[in-house]
Amino acid sequence: MFQEIYNDIQAKMQQQIQEKFGLSADQTTQSTNVLLDNFKKFFSEDLMAGGMAGLKDIMSNGISDIKNNPTMQTLRENIVNDLVNKVGLAEETAQKVRDFSLTEVFDKLKTEFLDENGKPDFSKIMSKINMADFQGKAQEMMGKMGMDFGKLFGK
């Protein structure tokens with residue numbers, strides 16, 4: 001589900017980052033890889049570690065106020081640190097690349113998942129879910145919790 005969105009965002013961001021900030025092709029590729037790795041980690045690990053509270057916070061006001069949202073602070077710091085330490089960008093450039101990239105990613109997520117009022121659009125969300133993957137993840141989660149629904153229903 002997210003991989004297609006990331007691929008689309010990555011292609012768009014690479015072109016714009018290189019043009020806007022004058023990075024080399026290698027720095028641009030490394031930068032977008034760092035950015036997307038941080039986003040993936042944020043959505044799959046960091047945000048879920050706080051339960052639904054962090055996700056609810058992001059959905060209620062985080063997308064419209066990404067610079068001031070406390071849930072986003074760790075993501076913002078990690079991106080700058082990685083751009084400086086892994087890609088070799090100056091801190092000022094790293095901050096500009098991060099701010100531009102956050103805006104691009106969250107604008108894309110708004111388009112993909114929210115309605116015109118900024119609320120989650122269930123039909124958009126469901127259209128992005130691969131049901132076979134979803135079923136597999138649900139079965140895996142239930143197995144980890146020790147649930148066997150076959151036994152529960154006498155099958």
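The values are calculated or read from the model by the stated rules, or taken from the named source; none is laboratory data. Every value quoted in this text rests on a predicted model; they were computed, and no experiment measured them. Heads up, the Cβs are rebuilt from the backbone with ideal geometry, glycines too, and the neighbour counts pull from every protein chain shown.
Going by the structure shown, is G136 exposed (fewer than 12 other Cβ atoms within 10 Å of the Cβ) and either assigned to a loop (DSSP other than H, G, I, E, B) or at pLDDT below 70 (or both)? Answer is yes for this residue. Scanning the stretch 101-118 for residues that are of a type in the set (S, T, N, Q) and in a helix (DSSP H, G or I) yields S101, T103, T111.
To keep it simple, each residue is scored yes or no on (1) modelled with pLDDT under 85; (2) under 15 Å from the mean Cα position of the chain (by Cα); (3) in a helix (DSSP H, G or I); (4) loosely packed, with under 12 Cβ neighbours inside 10 Å.
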| site | (1), (2), (3), (4) |
| --- | --- |
| L23 | no, no, no, no |
| N33 | no, yes, yes, no |
| I58 | yes, yes, yes, no |
| I66 | yes, yes, no, no |
